Amino acid sequence: MLKKGDNRGISKITLFILVLLIVLILVTYIVVKNVVLKGSGDRSLGKFTLDLKISSVQIVQNNSLDVVVKRNKGAGQFTGINFIVQDGKTKETIKTNASMAELESRSFILHLNSMNASEVKNLSIDPIFVYESEKEYGQNIKDEYILVPSESNSITCMPSCPEGAECGDDGCGKQCGGGCTQEGYTCIKLKCVATLETKCALTNISVIHIINMTTNFSVVLSREGGEDEIAGVKLVFTNESQFSNFVIDSSGNIALYEDSIKYITILDSQLENPSKVRTIVYFLDENGMQQFCEPSGWTSF
């Protein structure tokens with residue numbers, strides 16, 4: 001026969017079992033709910049319907065790859081693509097923040113840091129999805145491009161030149177714009193520029209007339225030849241003894257076939273009885289430094 005105390009023991013055991021069942025039901029509900037919601041999110045974002053394919057891979061300058069990706073029909077929203085590049089020994093992941101519309105093709109330039117572009121063996125694309133929690137999810141490989149040895153060797157180099165470039169390396173061993181083929185020209189900052197020797201040989205600035213009024217002089221200069229802008233002309237005065245000189249800097253360009261008048265004052269303390277003058281044309285280099293041509297012959301007055 002059960003006693004009264006035994007009935008209380010059975011009630012406690014029953015209550016414990018009921019609480020345990022309720023906890024198990026709640027945990028099961030939460031787990032199932034998360035799985036369903038995540039699966040729903042995957043489907044709504046097109047994790048299973050998004051269709052991306054790699055159309056082509058080409059090497060460009062600066063150890064980079066030009067990868068063309070095409071999106072086929074299929075729903076899906078993604079915020080970027082992880083490009084996974086491998087050469088058999090090293091794996092490098094390059095993240096891009098870009099989405100694509102259906103049937104769109106887009107070129108992605110991938111700059112490699114840890115491997116040589118010519119040694120790449122395979123490349124995969126992994127779209128990045130974002131759920132309501134704003135946490136990014138990857139690891140959804142959509143396509144893999146395998147470069148077999150024969151194909152890897154046949155990858156063509158795509159030249160890359162800034163707009164308007166006349167010269168400079170195009171990244172494929174050739175020159176942008178055909179390079180500087182004219183003799184006496186060199187490439188400076190992607191432009192074909194005449195060398196100093198060429199500019200000096202073409203430019204002739206001579207003294208065609210001098211009016212001497214005591215210490216004041218009026219010197220007429222004339223330019224023939226050369227199309228490059230000069231930075232100025234040094235006027236070198238001397239006398240019959242030619243033991244001393246007096247130099248005046250006349251800065252500024254003189255246009256082709258233009259006469260330019262320079263007004264100069266030479267005191268006796270600077271040079272006594274000046275009677276001859278010669279010109280030294282100069283240009284400025286890319287750093288703003290003066291580059292001088294050979295002096296002209298002396299002109300007497």
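Laid out as a table, the results:
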read-out	value
Only listed residue being among the charged types (D, E, K, R), surrounded by 12 or more Cβ atoms within 10 Å (Cβ to Cβ) and not in a strand (DSSP E or B), chosen from 294, 272	272
Pairs with Cβ under 9 Å, 6+ apart, first in region 37-65 and at positive phi, second surrounded by 15 or more Cβ atoms within 10 Å (Cβ to Cβ) and modelled with pLDDT under 80	62/160; 62/171
Residue that is farther than 16 Å from residue 294 by Cα, modelled with pLDDT of 95 or more and in a strand (DSSP E or B), where the choices are 220, 247, 236	220
Number of the condition not met by residue 190 [criteria: (1) more than 16 Å from residue 274 (Cβ to Cβ); (2) surrounded by 18 or more Cβ atoms within 10 Å (Cβ to Cβ)]	(2)
Search result, residues across region 87-115 that are in a loop (DSSP other than H, G, I, E, B) and hydroxyl-bearing (Ser, Thr, Tyr)	90, 99, 114
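The values are calculated or read from the model by the stated rules, or taken from the named source; none is laboratory data. Because the structure is predicted, anything quoted here is derived from the model rather than measured. Methodologically, a virtual Cβ is constructed for each residue, glycine included, from the backbone with ideal geometry; neighbour enumeration extends over all protein chains shown.
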